[in-house]
Amino acid sequence: MTTMDVVVLSLGGSVLVKDEDPSAYLSELAQALAEVSSNAKLYIVTGGGRIARFYIRAGRALGAAEQSLDLMGIDTTRLNARLVITAMKGHACPEPPRDYEEAVRAGMSYPVVVMGGVAPGVTTDAVSARLAERVGATRLVNATSVDGAYTSDPKKDVCAKRIPRMSHAELVKLVSGTAKGAGPTTVFDPVGAEVLARCRIPLTIVDGRSVKNLKLALEGKDCVGTAVSS
(Lines give C-alpha, C1' and ligand atoms only; values in the text may rest on other atoms or scores of the structure.)
Protein backbone atom coordinates (compact mmCIF):
# COMPACT_ATOMS: atom_id res chain seq x y z
CA MET A 1 0.00 0.00 0.00
CA THR A 2 1.31 3.44 -0.93
CA THR A 3 1.43 5.91 1.95
CA MET A 4 -0.50 9.07 1.18
CA ASP A 5 1.42 12.34 1.43
CA VAL A 6 0.33 14.78 4.10
CA VAL A 7 0.59 18.36 2.85
CA VAL A 8 0.09 21.59 4.77
CA LEU A 9 -0.65 24.81 2.88
CA SER A 10 -0.16 28.23 4.45
CA LEU A 11 -2.47 30.30 2.27
CA GLY A 12 -1.78 34.00 2.63
CA GLY A 13 -4.67 36.38 3.07
CA SER A 14 -3.04 38.68 0.53
CA VAL A 15 -3.55 35.90 -2.02
CA LEU A 16 -7.11 35.05 -0.99
CA VAL A 17 -8.55 38.56 -0.95
CA LYS A 18 -6.35 40.40 -3.40
CA ASP A 19 -9.30 42.29 -4.95
CA GLU A 20 -12.95 43.12 -4.31
CA ASP A 21 -14.30 39.95 -5.95
CA PRO A 22 -12.07 36.90 -5.40
CA SER A 23 -14.73 34.40 -6.46
CA ALA A 24 -13.13 33.46 -9.81
CA TYR A 25 -9.76 32.88 -8.17
CA LEU A 26 -11.32 30.91 -5.32
CA SER A 27 -13.21 28.68 -7.73
CA GLU A 28 -10.03 27.91 -9.67
CA LEU A 29 -8.11 27.34 -6.44
CA ALA A 30 -10.80 25.06 -5.00
CA GLN A 31 -10.74 22.86 -8.09
CA ALA A 32 -6.95 22.53 -7.86
CA LEU A 33 -7.10 21.75 -4.12
CA ALA A 34 -9.75 19.09 -4.70
CA GLU A 35 -7.55 17.46 -7.34
CA VAL A 36 -4.52 17.51 -5.03
CA SER A 37 -6.59 15.98 -2.22
CA SER A 38 -7.32 12.90 -4.33
CA ASN A 39 -3.72 11.81 -3.72
CA ALA A 40 -2.79 13.62 -0.50
CA LYS A 41 -4.25 14.58 2.85
CA LEU A 42 -4.46 18.37 2.71
CA TYR A 43 -4.47 20.80 5.63
CA ILE A 44 -4.87 24.50 4.85
CA VAL A 45 -4.23 27.44 7.18
CA THR A 46 -5.58 30.75 5.90
CA GLY A 47 -4.11 34.16 6.69
CA GLY A 48 -5.94 37.40 7.29
CA GLY A 49 -4.42 39.65 4.63
CA ARG A 50 -5.43 43.24 4.06
CA ILE A 51 -8.82 42.80 5.75
CA ALA A 52 -7.14 41.70 8.97
CA ARG A 53 -4.64 44.54 8.69
CA PHE A 54 -7.55 46.99 8.25
CA TYR A 55 -9.07 45.94 11.57
CA ILE A 56 -5.71 45.79 13.31
CA ARG A 57 -4.73 49.23 12.07
CA ALA A 58 -8.06 50.74 13.12
CA GLY A 59 -7.99 48.98 16.48
CA ARG A 60 -4.44 50.10 17.17
CA ALA A 61 -5.39 53.70 16.38
CA LEU A 62 -8.20 53.37 18.92
CA GLY A 63 -5.79 52.14 21.58
CA ALA A 64 -6.57 48.40 21.59
CA ALA A 65 -4.07 46.08 23.30
CA GLU A 66 -1.95 43.82 21.09
CA GLN A 67 -3.83 40.74 22.31
CA SER A 68 -7.14 42.27 21.24
CA LEU A 69 -5.65 43.15 17.87
CA ASP A 70 -4.46 39.57 17.48
CA LEU A 71 -7.97 38.31 18.21
CA MET A 72 -9.33 40.58 15.48
CA GLY A 73 -6.80 39.08 13.10
CA ILE A 74 -7.66 35.53 14.15
CA ASP A 75 -11.36 36.15 13.57
CA THR A 76 -10.54 37.39 10.07
CA THR A 77 -8.42 34.32 9.27
CA ARG A 78 -11.36 32.11 10.25
CA LEU A 79 -13.68 34.08 7.99
CA ASN A 80 -11.21 33.48 5.17
CA ALA A 81 -11.16 29.79 6.07
CA ARG A 82 -14.95 29.67 5.74
CA LEU A 83 -14.66 31.33 2.33
CA VAL A 84 -12.29 28.59 1.13
CA ILE A 85 -14.53 25.89 2.64
CA THR A 86 -17.49 27.35 0.75
CA ALA A 87 -15.52 27.31 -2.51
CA MET A 88 -14.57 23.66 -1.92
CA LYS A 89 -18.26 22.67 -2.24
CA GLY A 90 -18.27 19.69 0.09
CA HIS A 91 -14.67 18.53 -0.40
CA ALA A 92 -13.53 20.03 2.92
CA CYS A 93 -14.50 19.75 6.56
CA PRO A 94 -17.49 22.13 6.91
CA GLU A 95 -16.18 23.83 10.05
CA PRO A 96 -12.72 25.41 10.52
CA PRO A 97 -10.96 23.76 13.49
CA ARG A 98 -10.03 26.10 16.34
CA ASP A 99 -6.89 24.23 17.39
CA TYR A 100 -4.45 21.54 16.27
CA GLU A 101 -6.22 18.61 17.90
CA GLU A 102 -9.51 19.55 16.25
CA ALA A 103 -7.66 19.70 12.94
CA VAL A 104 -6.21 16.22 13.47
CA ARG A 105 -9.63 14.80 14.28
CA ALA A 106 -11.17 16.51 11.25
CA GLY A 107 -8.43 15.04 9.07
CA MET A 108 -9.58 11.56 10.04
CA SER A 109 -12.92 12.17 8.33
CA TYR A 110 -12.26 14.68 5.55
CA PRO A 111 -9.70 14.87 2.70
CA VAL A 112 -9.28 18.64 3.18
CA VAL A 113 -9.21 20.59 6.45
CA VAL A 114 -9.22 24.39 6.42
CA MET A 115 -8.50 26.48 9.51
CA GLY A 116 -7.33 29.95 10.51
CA GLY A 117 -5.32 31.21 13.46
CA VAL A 118 -5.43 29.58 16.89
CA ALA A 119 -4.06 31.95 19.54
CA PRO A 120 -2.81 35.52 20.07
CA GLY A 121 0.84 36.02 19.25
CA VAL A 122 1.01 33.12 16.78
CA THR A 123 1.00 33.95 13.05
CA THR A 124 -0.71 31.68 10.57
CA ASP A 125 2.71 30.69 9.16
CA ALA A 126 3.68 29.51 12.64
CA VAL A 127 0.34 27.72 12.96
CA SER A 128 1.06 25.99 9.64
CA ALA A 129 4.51 24.89 10.80
CA ARG A 130 3.23 23.59 14.14
CA LEU A 131 0.36 21.82 12.41
CA ALA A 132 2.84 20.28 9.97
CA GLU A 133 4.82 18.99 12.94
CA ARG A 134 1.68 17.66 14.61
CA VAL A 135 0.40 15.75 11.56
CA GLY A 136 3.84 14.59 10.37
CA ALA A 137 3.58 16.50 7.11
CA THR A 138 5.51 15.41 4.04
CA ARG A 139 5.94 19.06 3.08
CA LEU A 140 4.63 22.56 3.72
CA VAL A 141 3.80 25.06 0.98
CA ASN A 142 3.65 28.77 1.70
CA ALA A 143 1.46 30.55 -0.85
CA THR A 144 2.20 34.24 -0.61
CA SER A 145 2.15 37.36 -2.82
CA VAL A 146 5.75 36.95 -4.05
CA ASP A 147 7.30 34.09 -6.01
CA GLY A 148 9.75 32.95 -3.36
CA ALA A 149 12.29 34.16 -0.82
CA TYR A 150 14.47 37.06 -1.93
CA THR A 151 17.79 38.51 -0.85
CA SER A 152 15.80 41.60 0.24
CA ASP A 153 12.22 42.85 -0.04
CA PRO A 154 11.48 42.80 -3.83
CA LYS A 155 8.69 45.34 -3.33
CA LYS A 156 11.22 47.85 -2.04
CA ASP A 157 14.51 46.82 -3.65
CA VAL A 158 14.70 46.51 -7.44
CA CYS A 159 18.02 44.69 -7.06
CA ALA A 160 16.52 41.93 -4.93
CA LYS A 161 17.10 38.43 -6.31
CA ARG A 162 14.97 35.36 -5.82
CA ILE A 163 16.70 32.47 -4.04
CA PRO A 164 15.74 29.21 -5.83
CA ARG A 165 17.03 26.91 -3.10
CA MET A 166 18.16 27.35 0.48
CA SER A 167 18.62 25.41 3.69
CA HIS A 168 16.41 25.67 6.75
CA ALA A 169 19.29 27.35 8.57
CA GLU A 170 19.57 29.95 5.81
CA LEU A 171 15.84 30.65 6.00
CA VAL A 172 16.00 31.09 9.77
CA LYS A 173 18.85 33.55 9.32
CA LEU A 174 17.00 35.41 6.54
CA VAL A 175 13.80 35.97 8.54
CA SER A 176 15.35 36.51 11.98
CA GLY A 177 14.65 39.93 13.39
CA THR A 178 11.61 40.57 11.18
CA ALA A 179 8.64 42.55 12.48
CA LYS A 180 6.63 41.25 15.42
CA GLY A 181 3.22 42.21 16.76
CA ALA A 182 -0.22 41.86 15.20
CA GLY A 183 -0.36 41.82 11.41
CA PRO A 184 3.31 41.41 10.39
CA THR A 185 4.25 40.80 6.75
CA THR A 186 7.33 38.73 5.93
CA VAL A 187 8.16 35.87 3.57
CA PHE A 188 7.80 33.37 6.45
CA ASP A 189 7.37 33.61 10.19
CA PRO A 190 10.65 33.24 12.17
CA VAL A 191 9.09 30.89 14.74
CA GLY A 192 7.61 28.79 11.97
CA ALA A 193 10.98 28.65 10.22
CA GLU A 194 12.60 27.32 13.39
CA VAL A 195 9.90 24.66 13.81
CA LEU A 196 10.43 23.42 10.25
CA ALA A 197 14.20 23.39 10.72
CA ARG A 198 13.88 21.32 13.90
CA CYS A 199 11.49 18.84 12.27
CA ARG A 200 13.29 18.86 8.90
CA ILE A 201 10.03 19.41 7.03
CA PRO A 202 10.61 20.71 3.48
CA LEU A 203 9.09 24.09 2.65
CA THR A 204 8.27 25.59 -0.74
CA ILE A 205 7.50 29.30 -1.02
CA VAL A 206 5.48 30.25 -4.09
CA ASP A 207 3.30 32.99 -5.49
CA GLY A 208 -0.14 31.71 -4.61
CA ARG A 209 -1.81 33.82 -7.27
CA SER A 210 -0.61 31.34 -9.90
CA VAL A 211 -2.87 28.37 -9.19
CA LYS A 212 -1.09 26.16 -11.72
CA ASN A 213 2.29 26.74 -10.09
CA LEU A 214 0.82 26.37 -6.59
CA LYS A 215 -0.63 23.01 -7.53
CA LEU A 216 2.79 21.81 -8.73
CA ALA A 217 4.26 22.79 -5.35
CA LEU A 218 1.50 21.00 -3.44
CA GLU A 219 2.15 17.88 -5.51
CA GLY A 220 5.88 18.06 -4.73
CA LYS A 221 6.80 18.76 -8.35
CA ASP A 222 9.23 21.28 -9.84
CA CYS A 223 7.81 24.80 -9.71
CA VAL A 224 8.80 28.46 -9.66
CA GLY A 225 9.60 29.49 -6.10
CA THR A 226 12.03 28.83 -3.29
CA ALA A 227 12.65 25.27 -2.07
CA VAL A 228 13.82 25.01 1.53
CA SER A 229 15.25 21.76 2.91
CA SER A 230 17.80 20.49 5.40
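The values are calculated or read from the model by the stated rules, or taken from the named source; none is laboratory data. Since this is a predicted model, take the numbers as computed values, not measurements. Virtual Cβ from ideal backbone geometry, glycine too; neighbours counted across all protein chains shown. The protein model used for the area step is the full one, side chains on, heavy atoms only, and it has no ligands, DNA or RNA in it. Shrake-Rupley method; radii C 1.70, N 1.55, O 1.52, S 1.80 Å.
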Please turn the phi angles of the stretch 190-200 into ³J(HN,Hα) values with the Karplus equation 6.51 cos²θ - 1.76 cosθ + 1.60 (θ = phi - 60°), one per residue in order, whole Hz, x for glycine and proline.
x, 5, x, 4, 5, 4, 5, 5, 5, 8, 6
Collect residues whose amide H, placed 1.01 Å from N in the peptide plane, falls under 5 Å from the amide H of N142; neighbours closer than 5 in sequence don't count.
S10, T204, I205, V206
By the C-alpha gyration tensor axes a ≥ b ≥ c (rounded if a/c is under 1.5, else prolate when a/b exceeds b/c, else oblate), the shape of the stretch 11-89 is prolate
On the protein heavy atoms, probe 1.4 angstrom, tell me the percent of accessible surface of the stretch 1-82 carried by carbon and sulfur.
56
Neighbour net charge for L218 - beta-carbon separation under 10 angstrom, K R +1, D E -1:
0
Take the cross-link list K89/K155; K41/K173; K161/K221 and give me the ones stretching past 28 Å between alpha-carbons.
K89/K155; K41/K173
Charged-residue dipole, Cβ positions (Lys, Arg, Asp, Glu), the stretch 1-139 about Cα centre, Debye nearest 20:
120
Potential lengthening between C159 and S68 on full extension [0.36 nm per residue; Cα-Cα distance subtracted]:
29.0 nm
Take the alpha-carbon centre of the stretch 114-136, take the same for the stretch 60-96, and report the distance between them in whole Å.
13
Whole-Hz ³J(HN,Hα) from phi, Karplus 6.51 cos²θ - 1.76 cosθ + 1.60, for the stretch 118-126, glycine and proline x:
10, 7, x, x, 10, 6, 5, 5, 5
³J(HN,Hα), Karplus 6.51/-1.76/1.60, whole Hz, each residue of the stretch 152-159, x for Gly, Pro
7, 5, x, 7, 10, 10, 5, 8
What is the spin-label model distance, in nm, from T151 to M4 if the labels are put 7 Å beyond Cα along the C-beta direction?
4.3
For the chain, the charge dipole (Cβ of Lys, Arg +1; Cβ of Asp, Glu -1; about the Cα centre) points to a positive end, and the Cα of C199, H168, L62 closest to that extreme belongs to H168
Dipole magnitude (debye, nearest 20) for the stretch 99-230, charges at Cβ of Lys, Arg, Asp, Glu
280
Going by the alpha-carbon gyration tensor, a ≥ b ≥ c the square roots of its eigenvalues, is the chain rounded (a/c under 1.5) or, if a/c is not under 1.5, prolate (a/b greater than b/c) versus oblate?
rounded
Counting only protein heavy atoms and rolling a 1.4 Å probe, one gets per residue an accessible area for the chain in Å² of 49
